[in-house]
1. Suppose we keep only residues that are modelled with pLDDT of 95 or more and in a loop (DSSP other than H, G, I, E, B) within region 16-36. Which one would you say is surrounded by the most Cβ atoms within 10 Å (Cβ to Cβ)?
2. List the residue pairs whose Cβ atoms are under 6 Å apart, where the first residue sits in region 93-109 and is more than 13 Å from residue 50 (Cβ to Cβ), the second is surrounded by fewer than 17 Cβ atoms within 10 Å (Cβ to Cβ) and among the acidic types (Asp, Glu), and the two are 6 or more positions apart or on different chains.
3. Within region 99-131, restricting attention to residues that are among the charged types (D, E, K, R) and loosely packed, with under 13 Cβ neighbours inside 10 Å, which residue is modelled with the lowest pLDDT?
4. Considering only region 76-97, I want to know if a residue exists there that is of a type in the set (D, E, K, R), modelled with pLDDT of 95 or more, under 19 Å from residue 27 (Cβ atoms) and surrounded by fewer than 15 Cβ atoms within 10 Å (Cβ to Cβ).
5. Could you tell me which of the residues 39, 55 is modelled with pLDDT of 95 or more, among the aliphatic types (A, V, I, L, M) and within 27 Å of residue 116 (Cβ to Cβ)?
6. Quick one: what pairs do we get from region 70-81, first residue more than 20 Å from residue 101 (Cβ to Cβ), second assigned to a loop (DSSP other than H, G, I, E, B), C-beta under 6 Å, 6+ apart or different chains?
7. I need every pair where a residue in region 41-65 that is β-branched (Val, Ile, Thr) has its Cβ under 7 Å from the Cβ of a residue that is outside any strand (DSSP E or B) and at pLDDT below 95, sequence separation at least 6 or different chains.
Amino acid sequence: MKKSKWLVGAGVWALAAGVQAHTHLKQSAPAEGSIVTAAPANFVLTFSEAARVTALTVQKEGEAAQKLAPLPSAPAEQVTVPAPKLAPGKYVINWRVVSDDNHIMSGKLHFTIDLATVPTAGKTPDHDHMH
């Protein structure tokens, strides 16, 4: 009985360690939740480890999403993609990457372009885990 409890405990610990090891977004420009006073020229995503970006879009509130390109062909910790011309408003960047261990991770970044406000720094980005 004690041996099976130990095995279950070790399995739970290994699973938790594996989940923590997946690629995640460490920072971005613009930052999550930030308010910027000018449209960015580029979007910069910095991940915890090299990952291959498989999808990247930007969507203004109430409008259709626009695919961003060119996406890097090789895995990288930091990805810079040119931004399209953006008007003032609220935006969401949707990203999806594949890590070296073939796990698919995705997330969203929210930012606002407001020409008449004081810029804000934002917060830590959100990300989702997919298998």
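The values are calculated or read from the model by the stated rules, or taken from the named source; none is laboratory data. Predicted model, so just to flag it, every value in this text is computed and none were measured. Methodologically, a virtual Cβ is constructed for each residue, glycine included, from the backbone with ideal geometry; neighbour enumeration extends over all protein chains shown.
1. Among those that are modelled with pLDDT of 95 or more and in a loop (DSSP other than H, G, I, E, B), it is 30.
2. Cβ pairs passing all conditions: 106/128; 107/126; 107/128; 108/126.
3. Going through the qualifying residues, I end up with 128.
4. Yes - at least one qualifying residue is present in region 76-97.
5. From the options 39, 55, the qualifying one is 39.
6. 81/68
7. Note: pairs meeting the criteria are 53/71; 53/72.
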